[in-house]
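For reference, the structure discussed in these notes is given below.
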Amino acid sequence: MRETVFLRLNESRWHGYEAQPPTGPDELARRYVELTDDLAYARTFYPDSATTAYLNALTGKLHQSLYKNKKQEHGRFADFWLRELPFIVIRHHRILLTTLAFFLLACFIGALSAAYDDTFVRLVLGDDYVNRTLANIEKGDPMAVYKGTDESLMFLQITLNNVRVALYAFAGGITAGLFTVFVLFRNGLMLGAFQLFFYQKSLLLPSVLTIWIHGTLEISAIVLAGGAGAIMAQSLLFPGTYSRLDSLRRGARDGMKLVLALVPVFIVAGFLEGFVTRHTEMPLYASLSIIGTSAALILGYFVAYPWWLARRAT
């Protein structure tokens, strides 16, 4: 790579490091790793240039700051939730939004397919589920499928299954995102066909008030897990100035942190599905309160808070 191209690709980032102090010890360490990589590259290809001298000085300053603050802060756990994870979200917000858009498109395709093909719902949801639900509708209790299993067992099974799906969606990033796309597309098709099925039975509102008690957290977490896989896939396909292996490590690290942070979300969603969703007789305000609170938590922590934190840091 020519030195002028190397400068054009990285100079604004270096100047940003000089102008803005790091937001925390992890950000400081990340900058130091990036600069040492850039310095090693410059020393290899432009050993006597002003660029190499500039990077050497800048890396030296960061080295002093890094080792001056080497001692681990007592609030490491709190720092992860309050700063590190939100900055991961804001750093990759474009790819997370793209993942959400793709999932919504899959939902639309699922609903459209179910509208034009009566057999599509059975194809994606299975004959057993559809037949049981039709029988429950005839009995006047369309959501009875959530009442047939012991609460604790249902909670455990659902939570483990959701965590497994999330890990698949994330690990699919190593396939250049192909398996991640498959997991998101399949789940989007199922959701779209599922909701249209109840719409055709004139039960859309009751289904929404019941299913989204747990689905608000569950579906949001699955989409975010798909976004974690997309982050890893992007780092693999577009390494930029890093080696492909180094870029993949960075993407995998950010993606894994995001997926691990979703485990508590899946636990709460599993608890709601196992212990709360089955109470289809609950009043309207109770369902709306749970759904609204879940939506506010997801939007607040994964959208509004990272945006506010980034604005504040800038």
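A simple count of charges around Leu272, restricted to other residues whose Cβ falls under 13 Å of its Cβ and scoring Lys, Arg +1 and Asp, Glu -1, yields -2. Entry for the chain at q = 0.07 Å⁻¹: log10 I(q)/I(0) = -0.37, Debye formula applied to identical alpha-carbon scatterers, no solvent contribution.
Assuming charge only on the beta carbon of Lys and Arg (+1) and of Asp and Glu (-1), the dipole of the chain about its Cα centre is about 860 debye to the nearest 20.
Taking a ≥ b ≥ c as the square roots of the eigenvalues of the Cα gyration tensor, region 83-160 is oblate, since a/c reaches 1.5 or more and a/b is not larger than b/c. Between 0 and 90 degrees, the angle of helix 204-237 with respect to the longest Cα principal axis of the chain falls at about 30 degrees. Of Lys139, Lys147, the order by accessible heavy-atom surface (1.4 Å probe, DNA, RNA and ligands excluded), from most exposed downward, is Lys139, Lys147. Each residue of region 124-136 was assigned a 3J(HN,Hα) from its phi angle through the Karplus expression (A = 6.51, B = -1.76, C = 1.60, θ = phi - 60°), giving 8, 9, x, 4, 4, 5, 5, 5, 5, 5, 4, 5, 5 Hz with x at Gly and Pro.
Surface composition of the chain: carbon plus sulfur atoms contribute 65% of the solvent-accessible area (1.4 Å probe, protein chains only, all chains present). Sorted on the mean count of surrounding Cβ atoms within 10 Å across their residues, most packed first, peptides 156-162, 305-311, 248-254 read 248-254, 156-162, 305-311. Treating the angle as unsigned and between 0 and 90°, give the value, to the nearest 10°, between the Cα long axis of helix 151-171 and the longest Cα principal axis of the chain. Orientation of helix 151-171: about 40 degrees from the principal axis. Within the same chain, aspartates and glutamates fewer than 8 places from Lys139 are excluded, and of the rest, those with a Cα less than 19 Å from its Cα are Asp127, Asp128, Glu281. The accessible area of Met232, taken with all protein chains in place and a 1.4 Å probe, comes to roughly 10 Å². Taken over the alpha carbons of region 9-62 as equal point scatterers, the Debye sum produces base-10 log I(q)/I(0) values at 0.21, 0.26 Å⁻¹ of -0.73, -1.07. Around the Cα centre of region 1-135, unit charges on the Cβ atoms of Lys, Arg, Asp and Glu (plus for the first two, minus for the last two) sum to a dipole of about 500 debye. With respect to the chain, whose longest principal axis is taken over its alpha-carbon atoms, helix 3-19 is tilted by about 80°.
The values are calculated or read from the model by the stated rules, or taken from the named source; none is laboratory data. Nothing here was measured: the structure is a model prediction, and the numbers come from that model. No Cβ is skipped: glycine too gets one built from the backbone with ideal geometry, and neighbour counts run over all protein chains shown. The area values use the complete protein model at the heavy-atom level, side chains included, leaving out ligands, DNA and RNA. Shrake-Rupley method; radii C 1.70, N 1.55, O 1.52, S 1.80 Å.
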